[in-house]
Structure formats: C-alpha cells, structure tokens
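Encoded as structure tokens, the structure appears first; notes follow it.
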Amino acid sequence: MPRKNSRRKGVSCKEAPASANTTPKEDDVKVPIEVNDDHKKADSADVGTTGGNDLSEAKDSSSINEDEEEKARVEAAIRAGEQAAEKEIQADASKKLRDAQSAREELQKKLDSVQSEIDAAKKEASETSDRLVRLQADWDNYRRRTAQERVEEKQRAGEELVVSLLPVLDDMERALEHADHATATGDMDEQFAQFVAGVQAVHDKMLGILKKRGVEVIDPKGEAFDPLKHQAVGRVEDKDAFDETVAEVYQRGYRMAGKVIREAMVQVTFGGPKRPVPEEAKDKATGSDNTKDDAPAPESDAKE
C-alpha cells in the first residue's frame, strides 16, 4: 500500500508543468488531496484489514465459544449419564442388597427354626434317656426287691414249717428225757429200750434235716443270759456262779438263717459275783477312753 502512494506522487509532479492554466497553488492543493486520498484509501484498507481481522477474530472467538459450549454440553451430558448410571448401579446394588438381606433373614429364620427343632429333639432325647435310666433303675430295684421277697417268702414258709415242727421235737426230747430217767432207775426193759433208741434216731434225723436248712439249736446252759436269745422264766440263787448265768434250760431255742425263731426258756442265777467284762468289750472301752484322752483340751486349758 505505501508503494502505490509513492508512484502516484511522482506522476503528479511530472505532469504539473505541462498545464499552463494551473497555478502553483492548485498543484499544491492537488498533491495533498491525492495524498490524503491515498492515505484515506490506505486507512480504509487498514480499517478493512483491521475489521476483517476483528471479524475473523470474532468468528474465531464465536467458534471457540461454540466449541466450549459444545464441550460443556458434552461434559454435562457425560456427567448426567454417569450420574444416571451411578444411580442405576446404586439402585441395582441396593435392590440386590435388600434381596440378599431378605434372603439372609429368611435363611436365618429357617436356621433358627431348625435349631429350635434340634434343641427340642435334644431335650426330648435327654428326657427319654433320663426316663429310661430311671425305668432301668426301678426295674433293677424291682428285681432285687422281688428276689429278696421270694427269698424271704421261702424263708418265712420254711420258718413257719420249722416252727410248727418244734413242738414235735420238744415232745420227743421230753420222751427221751423220761426214757433216760427210766433207764437210770432200771424201770426200762430191752423192748422199751429199742423203742427209745428208734425215737432217738428219728429225733436226730429231724435235727440233721433242720440243720441242713440252716436251723441251729440254742442250748445256753452255763452261758451268760442274753435277753435277745433267752427268755427268763425263773431265777435261782447261786453264789458260786456268776450273776445272770443260765442255770437250767426248760425249752431249747432255735435260730434259722441268723434269725431267732424261738427263744430258749431258761432259769437265771443271781446272788453270785459279777461276770467279768469280755475282752472285746474291754478293748472297746479302752479305745473309747484313749479317744477321750486324745481329744483336744478346751481353749481355757490350752491358754493356761
């Protein structure tokens, strides 16, 4: 643009002398006008160029703004999509969590129900076992009791039989005593002696059978009186014998299986010396005395 203006200035200077009517003032006027026009053109060109630049810049800025807006819209859409997807994922996760929790609760209920059934079954089994143990114990006790009762019943039956036979033995013994007295006085012939021998044999045989059944004879003559085995029916004074000694047996007693089934009827002495204490009784008495001696002294004595 400046080069054009310079060329135009040169042309105007050369052509100026050719005009006769032209005054210097006119020439002077034209030159600056043309120059001004050139400047205007230049300025207009510059303005146009500047305006074009501004327009292009405006277009560029508007394009940039549109891009930024588009980018912002895209980013907003992406964020909205991400938020929607996140919400959907959260909703799906919440639903799955609720389903899992409800399924867990349902399983827990079933487990509790099964556990309750198991506990009830265990309790029932324990009660049944305890009941079975008690029944077994009752059955064992019943068997022992019935066995003992059967034994006792047999013993009672045998005892009743023996007790019923004791008077027969008493009669035999009295007859034999009478026969002994007749033999001593010489009032018994040979035939009667044979009869007495037969009665003695029967008596001995009966005693043998009873002995096999556990029957024992109680003949306490000369022994100390025992109120658990003897029945005192009389007393006799005897200073040579110990006091309360069996002097005479009127009727022998019997014991069966350790039980006294009939007490011996006896006569007891009195007026004699006191019977000495048996050794066992002495030992027991001595032991009790030693125990008393070994006992700790009272606190008052210990302090002294």
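The values are calculated or read from the model by the stated rules, or taken from the named source; none is laboratory data. Predicted model, so just to flag it, every value in this text is computed and none were measured. Cβ coordinates were reconstructed from backbone atoms using ideal geometry, including for glycine residues, and neighbour counts include every protein chain displayed.
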Scan the stretch 217-241 residue by residue and report those that are loosely packed, with under 15 Cβ neighbours inside 10 Å and assigned to a strand (DSSP E or B). VAL217, ALA224, GLN231, VAL233, GLY234, ARG235, VAL236, GLU237
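Quick one: is GLU173 in contact with a helix residue (DSSP H, G or I) (Cβ under 8 Å, 6 or more places away or on another chain) and either surrounded by 13 or more Cβ atoms within 10 Å (Cβ to Cβ) or in contact (Cβ under 8 Å) with a residue 12 or more places away in the chain (or both)?
Working: in contact with a helix residue (DSSP H, G or I) (Cβ under 8 Å, 6 or more places away or on another chain): yes; either surrounded by 13 or more Cβ atoms within 10 Å (Cβ to Cβ) or in contact (Cβ under 8 Å) with a residue 12 or more places away in the chain (or both): yes.
Yes: the conditions hold for GLU173.
Residues that are charged (D, E, K, R), free of Cβ contacts under 8 Å to residues at least 60 places away in the same chain, farther than 30 Å from VAL202 by Cα and in a helix (DSSP H, G or I): does the stretch 147-169 have at least one?
yes
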Could you grab me the full set of residues in the stretch 181-216 that are among the acidic types (Asp, Glu) and either surrounded by 13 or more Cβ atoms within 10 Å (Cβ to Cβ) or touching a His at 6+ places or on another chain (Cβ under 9 Å) (or both)? ASP187, GLU216
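Pick from GLY222, GLY208: which is small (Gly, Ala, Ser), out of contact with any helix residue (DSSP H, G or I) (no Cβ under 9 Å at 6 or more places or on another chain) and farther than 26 Å from ARG235 by Cα?
Details: GLY222 fails: farther than 26 Å from ARG235 by Cα.
From the options GLY222, GLY208, the qualifying one is GLY208.
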Checking ARG262 against (1) touching a Leu at 6+ places or on another chain (Cβ under 8 Å); (2) at pLDDT below 90; (3) not aliphatic (A, V, I, L, M), which test does it fail? (2)
So how many residues does the stretch 253-266 have that are over 60 Å from the mean Cα position of the chain (by Cα) and surrounded by fewer than 19 Cβ atoms within 10 Å (Cβ to Cβ)? 1
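Can we say VAL246 is assigned to a helix (DSSP H, G or I), surrounded by 15 or more Cβ atoms within 10 Å (Cβ to Cβ) and among the β-branched types (Val, Ile, Thr)?
Working: assigned to a helix (DSSP H, G or I): no; surrounded by 15 or more Cβ atoms within 10 Å (Cβ to Cβ): yes; among the β-branched types (Val, Ile, Thr): yes.
So VAL246 does not fit the description; no.
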